[in-house]
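No value in this document is a laboratory result; all are computed from the given coordinates. Everything numeric in this text was worked out from a predicted model, so none of it was measured. When we count neighbours, we look across all protein chains shown, and the Cβ atoms used for this are built from the backbone with ideal geometry, even at glycine.
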Amino acid sequence: MNWTKYSGGGIEVPAGKHFETGEEAQLHEICNSLGLDLWFRLVMQPWFIRCTQLGIKEILGYSIGPENATWFEDFMY
């Protein structure tokens, strides 16, 4: 998923993490069932990964773990 990497304006956002095929399919199905465009994860995951790189471990009391498929599934719900 290197194509999700962003660099510009002094901002560096890493590429999203690719999960196992079964996990990817499950996340895709959840996006569909919730009416979310698949781009939702492809955009949000790299930004959350960047947050963790900057030392941000939680937002408003909710822990973030975007490199974990189960966390991302829970986040979407």
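Output the Cα-based Rg and Dmax of the chain in Å, rounding Rg to one decimal and Dmax to a whole number.
For the chain, the Cα radius of gyration and maximum Cα-Cα distance read 12.5, 36 Å.
Sequence gap at least 6, Cα distance under 8 Å: using those rules, report the relative contact order of the chain to the nearest whole percent.
Averaging sequence separation for qualifying contacts and normalising by length gives 28 percent for the chain.
Return the sequence-ordered ³J(HN,Hα) values of segment 23-31 in whole Hz as given by the Karplus equation 6.51 cos²θ - 1.76 cosθ + 1.60 applied to θ = phi - 60°, using x for Gly and Pro.
For segment 23-31, the Karplus curve yields 5, 4, 5, 4, 5, 5, 4, 5, 4 Hz.
Order by neighbour count: Val43, Val13, fewest other Cβ atoms within 10 Å first, most last.
Ranked by crowding around the Cβ, least crowded first: Val43, Val13.
Tabulate in residue order the Karplus-calculated ³J(HN,Hα) for segment 69-77, using 6.51 cos²θ - 1.76 cosθ + 1.60 with θ = phi - 60°, rounded to whole Hz; enter x for Gly and Pro.
4, 5, 4, 5, 4, 4, 4, 5, 7
Convert each backbone phi in segment 39-56 into a coupling constant with the Karplus relation 6.51 cos²θ - 1.76 cosθ + 1.60 (shift: θ = phi - 60°), then list the ³J(HN,Hα) values in order as whole Hz, x for Gly and Pro.
Per residue, the Karplus-derived 3J(HN,Hα) values read 5, 3, 5, 5, 8, 6, 4, x, 5, 5, 4, 4, 4, 5, 5, 7, x, 7 Hz.
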